[in-house]
1. Show me 99-110, 131-142 ranked by packing, highest mean number of other Cβ atoms within 10 Å first.
2. Which value, in debye to the nearest 20, describes the size of the charge dipole of the stretch 139-250 about its Cα centre when Lys and Arg Cβ atoms bear +1, Asp and Glu Cβ atoms bear -1, and nothing else is charged?
3. From Cα coordinates alone, what are the radius of gyration and Dmax values for the stretch 51-130 in angstrom?
4. Find the all-direction average of the projected area of the Cα convex hull for the stretch 135-219, expressing the result in square nanometres with one decimal place.
5. Taking the C-alpha atoms of the stretch 190-265, how large are the radius of gyration and the largest Cα-Cα span, Dmax, in Å?
6. Report, largest value first, the span of the C-alpha coordinates of the stretch 109-265 along each principal axis, in whole Å.
7. If the only charges are +1 at each Lys and Arg Cβ and -1 at each Asp and Glu Cβ, what is the size of the charge dipole of the chain around the Cα centre, to the nearest 20 debye?
8. What net charge do the residues around V216 carry, taking every other residue with its C-beta under 11 Å from that of V216, with Lys and Arg at +1 and Asp and Glu at -1?
Amino acid sequence: MSHQRPLLAANWKLNPVTAEAAAELARGVLGRGERLSTEVDVVLCPPYCWLLGVAEILHDSHVELGAQNCYWERSGAYTGEVSAAMLAGWCQWVIVGHSERRSHFGETDEMVARKLAAALESDLNVIACVGEQADDFDSGRSADTVARQTDVLLGEMELHRLRQLVIAYEPVWAIGSGRSAEPEHAYSTMRAIRQRLRERFDQAATEVRLLYGGSVKAANVAAYVELPNCDGCLIGGASLDALEFSRMLAAVAEVYAGAAGRAAE
Ligand code: 13P
């Protein structure tokens with residue numbers, strides 16, 4: 001939790017399989033969560049092929065749309081790719097560097113940095129993902145690993161683009177495993193990310209929101225957003241259930257409402 005508006009982003013990954021089911025999920029989130037989306041920034045990230053249909057459903061709402069990936073070249077002979085420039089016509093957001101892109105599709109830190117640069121250049125807001133593998137976690141190298149990943153991501157990044165950037169800390173061993181990170185671990189690793197941002201951008205580093213991701217659900221989301229350096233969560237599996245997602249939204253809104261109440265005391 002920080003002074004920034006909280007953000008809850010839904011990464012639907014390779015789900016749902018049909019356009020009808022995707023539309024139903026988007027309508028379900030809107031129906032149950034739209035009121036709360038005035039207090040919490042909400043981003044839904046469906047597969048590419050459902051972006052247009054979901055965009056129509058979200059039209060005129062506060063809920064924003066994101067893609068799960070992009071390519072850095074604007075156009076050309078790159079069969080099967082979708083460029084950041086193309087996405088900018090449909091979405092406000094894009095995820096880059098998700099660990100599943102890194103592990104299943106061979107994306108390196110350098111490739112992710114190119115995607116980030118292209119997405120920022122296309123005026124998209126970007127959720128850039130970092131996170132350590134289980135062996136780095138086991139040997140106490142989490143902070144070092146994410147600091148290095150953050151350094152590569154930041155690359156040549158310009159100060160005026162900082163507001164478009166969100167960094168999601170997703171420990172790879174916590175994704176889809178049901179084994180979420182202890183909040184203290186998330187806190188200390190995210191502190192290393194913030195530190196890198198500060199070294200590079202000084203005070204402006206606070207403009208970058210930091211998310212936690214990895215087995216987040218309604219029952220544990222508050223424990224993360226209560227952390228002083230956490231501005232929200234990136235949700236996988238639990239975002240495929242509109243009721244569960246709306247419960248997470250309510251939990252995040254409650255944490256922030258409580259903080260506002262305390263500040264006013
Ligand atoms: P789960 O919430 O299913 O663990 O996935 C997290 C994730 O990878 C979000 O990008």
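1. 131-142, 99-110
2. Numbers: 13 positive and 14 negative charges, 10 e Å.
Its charge dipole is roughly 40 debye.
3. Computed over the Cα atoms of the stretch 51-130, radius of gyration and Dmax are 12.6, 37 Å.
4. 5.9
5. Looking at the stretch 190-265, its Cα Rg and Dmax stand at 14.0, 41 Å.
6. Reported extents, whole Å, longest axis first: 40, 39, 28.
7. Numbers: 24 positive and 36 negative charges, 32 e Å.
Using only the charged Cβ atoms, the result is roughly 160 debye.
8. Details: positive: K217; negative: E170, E244.
Once positives and negatives cancel, what remains is -1.
The numbers here are math on the coordinates, done by the rules we state, and not lab data. Predicted, not measured: the structure shown is a model, and the values here were computed from it. As a convention, Cβ positions derive from the backbone with ideal geometry for all residues, glycine included, and neighbour counts pool all protein chains shown.
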